[in-house]
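Take a look at the structure below.
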Amino acid sequence: MDTPSKPNTSLSLTDSNGRELLQATLTDYVTFLRRQPAICGSAEQQEILIKHVAQGHELIKLVAAERLKITRELDKQKHDWMELEKELTAPIMAAMQPLKDAVEHYNKEMLRIREHQQAEAAQQATLAESGQTNWLTPEVAIVDKPKGVQMRWTYEIVDHNQIPNGYWKLDEAAIKADISHGVRQIPGVRIYEEAITTFRK
């Protein structure tokens, strides 16, 4: 197996041609890796392949480090601006809240009236089908939905014991946490050791 040339780790995205040089280094390394046979039949081959992959991980870290040189200050500026944004908009949000609450209260009341009217209209329709109404029965007028109100389906859990199994979510984080604390038996779960290869030089 060939040995890759030592990558130039002094490259920088902040230099005028740093990005092009970094890209060339990465391209050379990818080309080198693609020439390597993906065969691991001996301890020696395993050691060489691990070194190649470890060097790839170093290049990935190098790219991330170069990004951080540029974005760390931008991230700080973004964080500072977001804090200022909260400070500037908090009084607006607080001043709007009573108005929003009043509109919400009105909308709920109108929807409650509308629901009651719809139930009465449905009852009258049932009576009309059976011929139990006469010309004295008043026709129910249904108020319009308030402006800006959209109806959407949602849910509320009323009895956890009746929910079908397909709607329960497995808490994998809790299982992993227990295993890391030494638990080795959980009903319905097979706990086993798995080999994980670490790629280090």
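Structure notes:
- Some residue of the range 117-134 being touching a Leu at 6+ places or on another chain (Cβ under 6 Å) and farther than 30 Å from ALA43 by Cα: yes
- Candidates TYR155, TYR167, filtered to the one that is among the aromatic types (Phe, Trp, Tyr), under 30 Å from HIS105 (Cα atoms) and within 29 Å of the chain's Cα centre (by Cα): TYR155
- The single residue among LEU68, LEU59, LEU49 that is surrounded by 10 or more Cβ atoms within 10 Å (Cβ to Cβ), in contact with a helix residue (DSSP H, G or I) (Cβ under 8 Å, 6 or more places away or on another chain), among the aliphatic types (A, V, I, L, M) and part of a helix (DSSP H, G or I) turns out to be LEU59.
- Some residue of the range 87-105 being over 30 Å from LYS147 (Cβ atoms) and modelled with pLDDT of 95 or more: yes
The values are calculated or read from the model by the stated rules, or taken from the named source; none is laboratory data. Keep in mind that this is a model prediction, so the values were computed, not measured. So basically every Cβ, Gly included, is an ideal-geometry build from the backbone, and we count neighbours across all protein chains shown.
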